[in-house]
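Asks: To start, I am sharing the structure in question, which I have written as structure tokens.
The values are calculated or read from the model by the stated rules, or taken from the named source; none is laboratory data. Treat the numbers as computed from the prediction; the structure is a model and nothing was measured. Backbone-built Cβ (ideal geometry, glycine too); neighbour counts: all protein chains shown. Surface areas here come from the heavy atoms of the whole protein model, side chains and all, with no ligands, DNA or RNA. Shrake-Rupley method; radii C 1.70, N 1.55, O 1.52, S 1.80 Å.
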Amino acid sequence: MEKPHYYSLPKLPYGYKELAPYISEEQLQLHHEKHHQAYVTGANAAFEKLEQARKAGGDLDMKATLKELSFHIGGHLLHSLFWENLAPAGRGGGGKPAGILGAAIDKEFGGFERFRAEFTQASVSVEGSGWAALAFCRMSNRPLVMQIEKHHVNVYPMFPILLVLDVWEHAYYLDYRNLRAKFVEAFWSIVNWEEANRRLSALLKGGVK
């Protein structure tokens with residue numbers, strides 16, 4: 001019987017020191033190795049719980065197990081997207097979006113500054129812990145800002161995500177304490193528009209991951 005596949009922690013596309021001073025080496029390493037790893041571990045543990053119950057034919061609290069699985073899978077997938085849409089300042093990070101993404105943002109929001117204002121407000125106003133995301137609706141061909149609570153609440157079903165920002169305190173507390181707005185401001189200096197543009201290009205060609 002084929003061995004079940006489990007999630008694993010992805011490698012970062014840059015070194016732990018390379019996002020400084022916007023994200024310090026200590027903050028980034030802790031976020032990646034401890035917090036992201038916890039979601040990988042949690043998702044795999046939930047899968048194992050399901051597999052053991054199936055083999056034993058025993059009862060399982062499906063509501064609790066699937067809620068736990070959704071939370072951890074959401075955490076893993078969003079973090080995996082988040083690492084890819086960051087880049088060192090001056091080496092792909094910062095600036096404004098160009099190409100088809102820039103054009104889509106201009107059309108929908110009336111310009112980059114308005115989009116930045118809406119995305120920033122979504123980021124700083126997430127209730128509790130969560131994320132801000134730029135998603136895309138394939139039915140209307142429109143980019144939309146999405147505010148996610150935890151990792152799996154208020155998600156627009158089937159809307160591919162082009163860009164995410166983690167605003168859980170574990171993403172910034174060593175560098176910014178409880179000043180979420182300062183972390184969000186720093187994000188604009190290391191956002192990887194090339195990756196977000198690549199995601200939209202692949203989506204419109206029918207191959208977005």
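Asks: Quick one: go through region 70-112 and flag any residue whose amide nitrogen is under 18 Å from the point 7 Å out along the Cα-to-Cβ line of LEU144.
Replies: 104-110
Asks: Under 30 Å from the Cα of LYS67, which lysines turn up, not counting those fewer than eight places away in the same chain?
Replies: Filter leaves LYS3, LYS11, LYS34, LYS49, LYS55, LYS150, LYS209.
Asks: Separate question: Per residue of the chain, what 222 nm ellipticity follows from adding -39500 (n - 2.57) for every DSSP H run with n ≥ 4, rounded to the nearest 500? Before the final figure, lay out the partial values.
Replies: Numbers: 8 runs with 97 residues, N = 209.
My calculation for the chain gives -14500 deg cm²/dmol from helical runs alone.
Asks: Relative to the Cα centre, what is the charge dipole magnitude of region 44-137, using +1 at the beta carbon of each Lys and Arg, -1 at the beta carbon of each Asp and Glu, and rounding to the nearest 20 debye?
Replies: Details: 10 positive and 11 negative charges, 34 e Å.
With Lys and Arg at +1 and Asp and Glu at -1, about 160 debye.
Asks: Suppose each label sits 7 Å from its Cα in the direction of the beta carbon; what would the ALA202-CYS137 distance come out to in nanometres?
Replies: Rounded to a tenth, the inter-label distance reads 2.4 nm.
Asks: Here's something else I'd like to know. Compute the length gained on full extension between GLU51 and LYS107: take 0.36 nm times their separation in residues and subtract their Cα-Cα distance, giving the result in nm to one decimal.
Replies: Values: separation 56, 0.36 × 56 = 20.16 nm, distance 4.77 nm.
15.4 nm is the gain from fully extending GLU51 to LYS107.
Asks: With each label point set 7 Å from Cα along the Cα-Cβ vector, what nm distance links ALA64 and LEU179?
Replies: Distance between label points: 4.2 nm.
Asks: Which whole-number value in Å² is the accessible area per residue of the chain, probe 1.4 Å? Spell out each step's value before the answer.
Replies: On the way: 11200 Å² over 209 residues.
Ligands and nucleic acids excluded, the result is 54 Å² per residue.
Asks: To test your reading of the geometry: what angle, between 0 and 90 degrees and rounded to tens, separates the Cα axis of helix 99-109 from the longest principal axis of the chain?
Replies: With both axes taken from Cα atoms, the answer is about 80 degrees.
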